[in-house]
Amino acid sequence: QETTKPQQTTNRQIQHTVPPSYQQLIHLFHTHTHSPIHYTHTQYSTAKMGDVTNQSSFNNNNNTNNQQNSVRLCKHPNHSEFACLIHALKGFARGFALGYGIRGAIALITALVIKRLYRNPKKLIQSSILHPDVIRFGLFLGTYTGTLKGVNCLLRYLRKREDGWNAIIAGSVAGLSMYFSKSNEIALYLFARALESIFNALHKRGIVPSFKHGDSVLFAVCTSIMFYAFAWEPEALRPSYRKFITNASGGRDYDREKFAPLLAAAKAERDEARRRRTGK
């Protein structure tokens, strides 16, 4: 039991590179919380601390019983032949139920409270629980979770190991589930969480430094970029965010007419610099 503590500590350190809010989201789609490190690796660590006989026994068992080891790699409660398939299907069902249930409940409440469709039950059902967007969102989360678990199990079986490459490949394949419910908001949210996870992982390895109030500096830099775009290149902003900034500034759009000569001069200067670079 003591020999497995260093490996478990390493797993917790790796998991802590993921932002806490996204860790909670991931746990919603998992029915177990065991360590992802496979059983044979822990068995090998225990044998290394023992005598030569124990380690030889491990090597012989590992070479002659690859099929059983591949099942134990996944550590599913049911070690049957279809354990991985059942595990993936459960992940799909859980993800679909969560996605369809949450999106359907929001659509139903919206139809009842805002659209007031309670007098037309058929239209109420069609615009809420049977709406294509609701079903597609359920398929998105279900396919995402089921594919992630299924591909992860398949890679454990084929590669006979558990490492970061399994997670990278499985996550990439699972990302194709965005086909069912294309959403810029979800894509941007995951992009931000991925950048934060990369920074945390590099920081734990001592590759990049961290300094106090770095989040405030990052927010200031991002705000300066957004307001520059709002003032000088509004077409670069998403209409919804441009409307948000306009409302937050008192409901007045930025008066660009006053700066029309300055904008024209800046554009002429950029065009001249481009001509000098290209020679045209």
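The values are calculated or read from the model by the stated rules, or taken from the named source; none is laboratory data. The shown structure was predicted, so the numbers you read here are calculated from the model rather than taken from an experiment. Counting neighbours? That spans all protein chains shown, and the Cβs are built from the backbone with ideal geometry, glycine included. These accessible areas exclude ligands, DNA and RNA; they are computed on the full protein's heavy atoms, side chains included. Shrake-Rupley method; radii C 1.70, N 1.55, O 1.52, S 1.80 Å.
With the simple model of a label 7 Å out from the Cα in the direction of the Cβ, residue 222 to residue 262 spans 2.7 nm. With R₀ fixed at 35 Å, the C-beta to C-beta distance from residue 205 to residue 182 puts the FRET efficiency at about 0.50.
Measure off, as a whole percent, the carbon and sulfur share of the 1.4 Å-probe accessible area of region 113-250, all protein chains present. Could the numbers behind the result be given before it?
Details: 6370 of 9560 Å².
Answer for region 113-250: carbon and sulfur cover 67 percent of the accessible area.
How would 137, 96, 244 line up by accessible area, probe 1.4 Å, largest first? Walk me through the numbers on the way to the answer.
Working: 137 40, 96 60, 244 120 Å².
The residues order as 244, 96, 137, largest area first.
In Å², and per residue, what accessible area does region 168-214 have when probed at 1.4 Å with the other protein chains present? Don't skip to the end; give the middle numbers.
Numbers: 3470 Å² over 47 residues.
Accessible area per residue, region 168-214: 74 Å².
Beyond a 25 Å Cα-Cα separation, which of these cross-linked pairs lie in this structure: 90/204; 149/182; 75/160; 182/267? Beyond 25 Å between Cα atoms: 90/204; 182/267. Mean silhouette area of region 170-231, derived from the convex hull of its C-alpha atoms and averaged over all directions, reads 6.2 nm². Can you compute the label reach from residue 115? Point 7 Å from Cα along the Cβ direction, backbone N cut-off under 18 Å, restricted to region 166-188. The answer is none, because no backbone nitrogen lies closer than 18 Å to the label point.
Which whole-number value in Å³ per residue fits the convex hull of the alpha carbons of region 133-236? The partial results should precede the final answer.
Working: hull volume 14.9 nm³, N = 104.
Measuring per residue, one finds 143 Å³ for the Cα hull of region 133-236.
For a quick protection proxy, order the peptides 123-136, 266-279, 176-189, 149-162 by their average other-Cβ count within 10 Å, most packed first.
My ranking of the peptides, most packed first, is 149-162, 123-136, 176-189, 266-279.
The slack in the chain from residue 244 to residue 275, taken as 0.36 nm per residue of separation less the alpha-carbon distance, amounts to 7.5 nm.
Summed over the residues of region 87-144 and divided among them, the accessible surface reaches 63 Å² per residue at a probe radius of 1.4 Å.
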